[in-house]
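What follows is one structure encoded as structure tokens, with my remarks underneath.
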Amino acid sequence: MPITWRDLLDILLVAVLFYYLWRLIAGTRALNLVRGVLIYLVVWFLADRLGLSTLAWLLGNAATLGAFALIVVFQPELRGLLERLGRGQQLRPPALSLEELLFALRRLSEKRYGALIALERRTPLGEYAATGELLEARLSARLLETLFYAGTPLHDGGVILRGDRVLAAGCVFPLSEVRLGLGTRHRAALGLSEVSDALVIVVSEETGAIRVAEGGRLSPPQSLEALRRRLKEVLGA
Ligand SMILES: Nc1ncnc2c1ncn2[C@@H]1O[C@H](COP(=O)(O)OP(=O)(O)OP(=O)(O)O)[C@@H](O)[C@H]1O
């Protein structure tokens, strides 16, 4: 059968669809889910082909239940994906004001205010923002300083930045299981970086040291210059 222009268009559209799906899930927790589902499908297919009827029957029936379970478990990610699909590229939040953030970090470090700040990237952090107080406020150094001033109700927990907005404060991040020899603020920074692609900045209340957690790794104390370089890379500025 000859290949028609319809076949080519079909293949092109499917390729574009997969490419955009991949871009949406790359770097998110959903990527692990996709890997898991693919392995499941391969085992199911092999069981069916090799005539392992009980295993194939079991996997076939569990698939329906599993699909519902996945929707429930990954509801925050799915909502995030749909939000991003709807939002499109143009309506991205304005870029973060790097100098404002660096100025805030300098002040927090000098004053020894313990701080925990997550910069949202591709992984939606809405589920963590929901554990704190939603602010949706424009980022300013004075706001960050105020939020981490000890004694105020919101100073406990982490702040989430989305573009140039302070999305939420007083948020609870997942704690890493890794023993760092540091306290819970640092474990929370590392924990969030393990489950998302966020860049998480932590200022120590005890020493004023600024560290960055990214991709499940916590940096040694950083100078503001080193931090500026890394943030510029991340923000593409
Ligand atoms: N799961 C969490 N999510 C967000 N913030 C957290 C979490 N757990 C603890 N924190 C923050 O960490 C603070 C406790 O910090 P702790 O003194 O244990 O940290 P640390 O890593 O030793 O840092 P520091 O050098 O600032 O003392 C809490 O008051 C809270 O603000």
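At-a-glance table
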| quantity | calculated |
| --- | --- |
| Odd one out for residue 130 among (1) open to solvent by less than 70 Å² (accessible area, probe 1.4 Å); (2) modelled with pLDDT of 90 or more; (3) aliphatic (A, V, I, L, M) | (1) |
| Within segment 132-171, considering residues that are near the ligand (Cβ under 8 Å from one of its atoms) and out of contact with any helix residue (DSSP H, G or I) (no Cβ under 7 Å at 6 or more places or on another chain), the one farthest from residue 98 (Cα to Cα) | 156 |
| Tally, over segment 174-188, of residues that are more than 8 Å from the ligand (Cβ to nearest atom) and open to solvent by less than 30 Å² (accessible area, probe 1.4 Å) | 1 |
| Test: residue 101 is touching a residue at least 40 places away in the same chain (Cβ under 8 Å), under 22 Å from residue 233 (Cα atoms), touching a helix residue (DSSP H, G or I) at 6+ places or on another chain (Cβ under 9 Å) and not in a helix (DSSP H, G or I) | no |
| Selected residue [outside any loop (DSSP other than H, G, I, E, B), free of Cβ contacts under 8 Å to residues at least 24 places away in the same chain and over 18 Å from residue 111 (Cβ atoms)] from 179, 187 | 187 |
| Top-ranked residue of segment 190-208 - restricted to ones that are within 19 Å of residue 107 (Cα to Cα) and open to solvent by 10 Å² or more (accessible area, probe 1.4 Å), ranked as farthest from the ligand (Cβ to nearest atom) | 207 |
| Given (1) open to solvent by 60 Å² or more (accessible area, probe 1.4 Å); (2) at pLDDT 90 or above; (3) more than 16 Å from residue 108 (Cα to Cα); (4) not in a loop (DSSP other than H, G, I, E, B), index of the condition residue 142 fails | (3) |
| Residues within segment 142-181 that are closer than 18 Å to residue 195 by Cβ and among the acidic types (Asp, Glu), tallied | 1 |
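Results for (1) over 22 Å from residue 218 (Cα atoms); (2) in a strand (DSSP E or B); (3) more than 19 Å from the chain's Cα centre (by Cα), shown as yes or no for each residue.
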residue: 105; (1), (2), (3): no, no, yes
residue: 109; (1), (2), (3): no, no, yes
residue: 116; (1), (2), (3): no, yes, no
residue: 127; (1), (2), (3): yes, no, no
residue: 137; (1), (2), (3): yes, yes, yes
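Every residue, every condition in (1) more than 19 Å from residue 231 (Cα to Cα); (2) charged (D, E, K, R), yes or no:
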site: 116; (1), (2): no, no
site: 119; (1), (2): no, no
site: 131; (1), (2): yes, no
site: 138; (1), (2): no, yes
site: 144; (1), (2): no, no
site: 160; (1), (2): no, no
site: 167; (1), (2): no, no
site: 187; (1), (2): yes, yes
site: 219; (1), (2): no, no
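The values are calculated or read from the model by the stated rules, or taken from the named source; none is laboratory data. Quick caveat, the model's predicted, so the values are computed rather than measured. In this analysis, Cβ positions are derived from the backbone assuming ideal geometry, glycine residues included, and neighbour counts consider all displayed protein chains. Protein only, heavy atoms only, side chains kept; ligands, DNA and RNA dropped before computing areas. Shrake-Rupley method; radii C 1.70, N 1.55, O 1.52, S 1.80 Å.
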